[in-house]
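Worksheet: the structure to be examined is printed underneath.
The values are calculated or read from the model by the stated rules, or taken from the named source; none is laboratory data. Remember, it's a predicted structure, so these values are computed and weren't measured experimentally. A quick note on method: Cβ atoms are made from the backbone with ideal geometry, for glycine too, and the neighbour counts reach across all protein chains shown. Areas reflect the complete protein model, heavy atoms only, side chains present, ligands, DNA and RNA absent. Shrake-Rupley method; radii C 1.70, N 1.55, O 1.52, S 1.80 Å.
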Amino acid sequence: MRNYQILPFRFTHFNDSEYLLTNDVGEYIFLSNEDFEKFINKELDVKSTVFQDIASKQIATTDKVEDVVNMLATKFRTKKSILRDFTSLHMVVPTLRCNSSCIYCQVARKNMDDHEADMTKKTAKNVVKTIFQSPSPCIKIEFQGGDPSTYFEMVKNHVKVF
């Protein structure tokens with residue numbers, strides 16, 4: 001039996017006979033109560049299948065900790081790489097005016113004659129400027145409201161700029 005180092009992990013008593021262990025990149029393993037006790041007390045044989053499964057999840061290691069941490073960092077970066085393009089969806093609200101009363105609507109709609117609920121051209125210009133500052137190579141724009149078609153001139157203004 002060789003010594004091993006336990007790395008950061010989370011665990012919970014999953015049921016009467018098992019523990020669930022997870023690492024920061026979402027990998028997991030179930031251990032019997034007996035194997036869990038042996039593991040945390042550093043009594044597992046490092047040549048056992050159980051230990052090899054735990055080590056493959058970077059929850060414990062017999063290797064240099066720095067190497068294992070680098071592997072976890074690579075897995076974490078890969079898993080979170082979608083965040084590089086994080087701000088790809090932009091929701092633009094040209095107006096809060098709406099002539100419907102949909103029961104599911106979450107918007108505090110305004111009456112059709114309340115033009116104070118409309119986006120100004122200055123705000124629209126700033127919205128477009130902000131959208132194009134997005135780090136994402138693919139930009140998606142969704143017009144919401146109220147009912148965007150009630151201020152269709154502003155929607156056309158946005159589309160023309162894009």
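Below, the figures for the structure above:
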read-out: Efficiency of FRET between Asp24 and Val107 - r from beta-carbon atoms, R0 45 angstrom, step 0.05; value: 0.75
read-out: Beta bridges by DSSP in the chain, antiparallel share as percent, to the nearest 5; value: 65 percent
read-out: Length gained when the stretch Glu34-Ser56 is fully extended (0.36 nm per residue, less Cα-Cα span); value: 5.9 nm
read-out: The stretch 1-40 versus the stretch 111-151: alpha-carbon centroid distance in Å; value: 50 Å
read-out: Solvent exposure of the stretch 25-162 as accessible area per residue, Å², 1.4 Å probe; value: 68 Å²
read-out: Length released on extending from Glu142 to Leu83, taking residue separation times 0.36 nm less the Cα-Cα span; value: 19.3 nm
read-out: Label point distance in nm, Gln5-Met91, each placed 7 Å from Cα along Cα→Cβ; value: 4.6 nm
read-out: Relative packing of 102-114, 131-143, which averages over residues the other C-beta atoms within 10 Å, highest first; value: 131-143, 102-114
read-out: Cα-only radius of gyration and Dmax that characterise the chain, units Å; value: 27.1, 80
read-out: Difference of contour (0.36 nm per residue) and Cα-Cα distance, His13 to Lys125; value: 34.9 nm
read-out: Amide H partners (placed H, <5 Å) of Thr95, local residues excluded; value: Met119
read-out: Alpha-carbon spread of the stretch 106-162, three principal axes, descending order, Å; value: 38, 24, 15
read-out: Under 12 Å from the Cα of Lys57 - aspartates and glutamates, other chains or at least 8 residues apart; value: Asp24, Glu27
